[in-house]
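J.: This is the structure, below, for whatever I ask next.
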Amino acid sequence: MKNIFKYSIIAAAAMLTGCTDDFLSQDVKGTQVLDNYFTTSEECLASVYGCYQSIAFDDWWQVYNTYVTADICTDDGWMNNTTQGQDGYIDLALYQGKTTSGTLSNFWQYRYKGIHNCNVVLEYVPGVSSLQEDVKNRYIAEAKALRGYFYFELVKNFGGVPLVTTMATPVDAANMKRASIAETYAQIEQDYKDAIEYLPLRSETVKNSELGRLTKGAVQGLLAKALLYQEKYDEAKTSSTR
């Protein structure tokens, strides 16, 4: 019995020794390294799609929960949930939103995560030499338009916010000052205007795979909405002619 046990240990050790090199030499799967990721059009497009995915982050409560809660403050909805805790809702429903509110915190952080994803595209895509110029310009335009959209969602709910337009580190972001409402809207307008110049018309996007991606007309509408929120009515009238 002792010999069987001894030989079993030796066999197991031999198996571990034999596969160690192969195991350690395998590429890491499930993660990407930015420094060598942006090399093909497919990789660039996947990163742009990540900006779109940031609109909801695959789960309604992280973002849309805030919109539902806002409806509770109007005649459009009421709070009547008896199956779970209501701490994240009741303060907002009674106009007593706190900075510690999980609902507000989720909305804030996931908007900024979306902004970060856009900034990654804007940092790396311009330097990808293998991209055709028109394709590159479209990817950049989509990222700018989506960044403008995320900031628009923030300014509507929080007023002026810190403007992060580069791939800032957590330390950099922590030291950023809050911009004014006017400065925040100026950034939104600029992102939208930059995007409009290079986005295709709806009639030019004929592939089914492109359905849902931003077009010139869609961003013109977003720009008009941002202008209306600022009571820039005359500018809003002509925003669709850009």
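J.: Given a cut-off of 21 Å, name the pairs among 113/156; 113/225; 136/177 whose C-alpha atoms lie farther apart than that in the structure shown.
T.: Violating the 21 Å limit, Cα to Cα: 113/225; 136/177.
J.: Between residue 71 and residue 41, what length comes free when the chain is fully extended (0.36 nm per residue of separation minus the Cα-Cα distance, one decimal in nm)?
T.: 6.7 nm
J.: Counting only heavy atoms of the protein chains, get the accessible area per residue of the range 139-217 (1.4 Å probe) and round it to a whole Å² value.
T.: Spelled out: the 1.4 Å probe surface of the range 139-217, per residue, equals 50 Å².
J.: Now for a separate question. Taking 0.36 nm per residue of separation and subtracting the Cα-Cα distance, what length does fully extending residue 134 through residue 238 add?
T.: 34.9 nm
J.: How do the peptides 158-170, 139-151 rank, highest first, by the average count of neighbouring beta carbon atoms within 10 Å per residue?
T.: The most tightly packed comes first, giving 139-151, 158-170.
J.: Using the basic label-point model (7 angstrom from Cα toward the beta carbon), what is the residue 58 to residue 178 distance in nanometres?
T.: My value for the distance between the label points is 3.3 nm.
The values are calculated or read from the model by the stated rules, or taken from the named source; none is laboratory data. Since the model is a prediction, treat every value here as computed from it, not as a measurement. Reconstructed Cβ throughout: ideal geometry from the backbone, glycine too, with neighbour counts over all protein chains shown. These accessible areas exclude ligands, DNA and RNA; they are computed on the full protein's heavy atoms, side chains included. Shrake-Rupley method; radii C 1.70, N 1.55, O 1.52, S 1.80 Å.
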